[in-house]
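See below for the structure under consideration.
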Amino acid sequence: MTTVVAQGTFDILHPGHVHYLSDAAAMGDRLHVIVARSQNVTHKPEPILPGRQRRAMVDALDVVDEAHLGHPEDIFVPIERIAPDVIVLGYDQHHDEDGLQRALRARGIDCEIRRASARDPETDELCSTGRIVDRIVERRC
């Protein structure tokens, strides 16, 4: 059985998230998703929704076998517990694959890192939480 881990913020679920998680699920038999805690999101604005709510929304998706909130101090703790065969990164996630592989090896975690494919959005589709928030502000404020 191949265990796969995907991870992300998942603030305001959109079709890009569903594509990423569906792609990740197709790479194995069980998909675990680690939802970042708000305090660990430093590369973009703080999430709008609380972590528990984001985790519950991800967990409700059929392709997800189990969703977890990330560890508050050490992002590798849930990965050590899950012991995945594959970690799937989103096609546009900011992670340095080589640096991540080195960090995994240093902790004795032996797994493959893959990238999900890009999604071709429909003409009027928004596949970015930031763009969705911008559209809401534009139309409602």
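The values are calculated or read from the model by the stated rules, or taken from the named source; none is laboratory data. A quick note: this is a predicted structure, and the numbers were derived from the prediction, not measured. Here the Cβ is made from the backbone with ideal geometry for all residues, glycine too, and neighbour counts use every protein chain on show. Ligands, DNA and RNA are stripped out before the accessible areas are found, and what is left, the full protein with its side chains, is counted by its heavy atoms. Shrake-Rupley method; radii C 1.70, N 1.55, O 1.52, S 1.80 Å.
Quick notes on this structure:
- For segment 80-96, the tally of residues that are open to solvent by 20 Å² or more (accessible area, probe 1.4 Å) and closer than 20 Å to His43 by Cβ stands at 6.
- Looking only at segment 109-141, residues that are open to solvent by less than 50 Å² (accessible area, probe 1.4 Å) and in contact with a helix residue (DSSP H, G or I) (Cβ under 8 Å, 6 or more places away or on another chain) come to 8 in all.
- Out of Ala103, Ala60, one residue alone is at pLDDT 95 or above and among the small types (Gly, Ala, Ser). It is Ala60.
- Segments classed as helices (runs of 4 or more DSSP H), wholly inside segment 75-141, with at least 1 members that are under 21 Å from Ile48 (Cβ atoms): 129-140
- Residue check, Val33 in contact with a helix residue (DSSP H, G or I) (Cβ under 9 Å, 6 or more places away or on another chain), assigned to a strand (DSSP E or B) and under 26 Å from Pro121 (Cα atoms): yes
- Single condition Ile34 does not satisfy, out of (1) farther than 19 Å from Ile113 by Cβ; (2) surrounded by 19 or more Cβ atoms within 10 Å (Cβ to Cβ): (1)
- Residue in segment 97-108 that is under 16 Å from His14 (Cα atoms), of a type in the set (Lys, Arg) and open to solvent by 80 Å² or more (accessible area, probe 1.4 Å) present: no
- Members of segment 1-30 found to be assigned to a strand (DSSP E or B) and open to solvent by 50 Å² or more (accessible area, probe 1.4 Å), listed by number: Arg30
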